[in-house]
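A short reminder: the numbers here are calculations on the coordinates, not readings from a lab. All figures in this text were calculated on a predicted structure; none of them were measured in a lab. Cβ placement follows ideal geometry from the backbone for every residue including glycine, while neighbour counts extend to all protein chains displayed.
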Amino acid sequence: AAADADADDDRGADDRGAAAALRECLELDKEDGAAARELGVALEAAGEAAAAVAALRSYLVRRPTDLETTRTLGAVLASRGELVEARDVFHGLAHRDPSDVDAHVRLGLVYARLGEPRAA
């Protein structure tokens, strides 16, 4: 059990280190969508989901048409249990591109978690 706790601590430290490096990348290039997405993922993995949502939303203010970062935001919101907001994100993605299968699947999963499977 102690070894598992140490491994979790190491992963958390790695995720926090990655987040710090990605923040630096975004300071240098505020338009780097890949860095914004990876920052969101690293922050969530480090147990800082609220910071992940804030970082992703901050980037999307500058680049609202970045669909992959929008998708990452929806995934983080869903994992946090912010299902109404996640639903809205995935609905927006599905509306922008009706052929986006991933958006439709994620939207259906969120509807199911909301107890509205018929809406999916």
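Most tightly packed first, judged by the mean number of other beta-carbon atoms within 10 Å of their residues, the peptides 105-111, 72-78 read 72-78, 105-111.
The label-point distance for V105 and R118, in a model that sets each label 7 Å from Cα toward Cβ, rounds to 2.6 nm.
Across the range 67-80, coupling constants 3J(HN,Hα) worked out from phi with the 6.51/-1.76/1.60 Karplus curve, θ = phi - 60°, read 5, 5, 5, 4, 4, 4, 4, x, 5, 5, 4, 5, 5, 7 Hz, and Gly and Pro carry x.
Checking the a/c ratio against 1.5 first, then a/b against b/c, what shape does the Cα gyration tensor give for the range 74-120? It is oblate, given that a/c is not under 1.5 and a/b is not larger than b/c.
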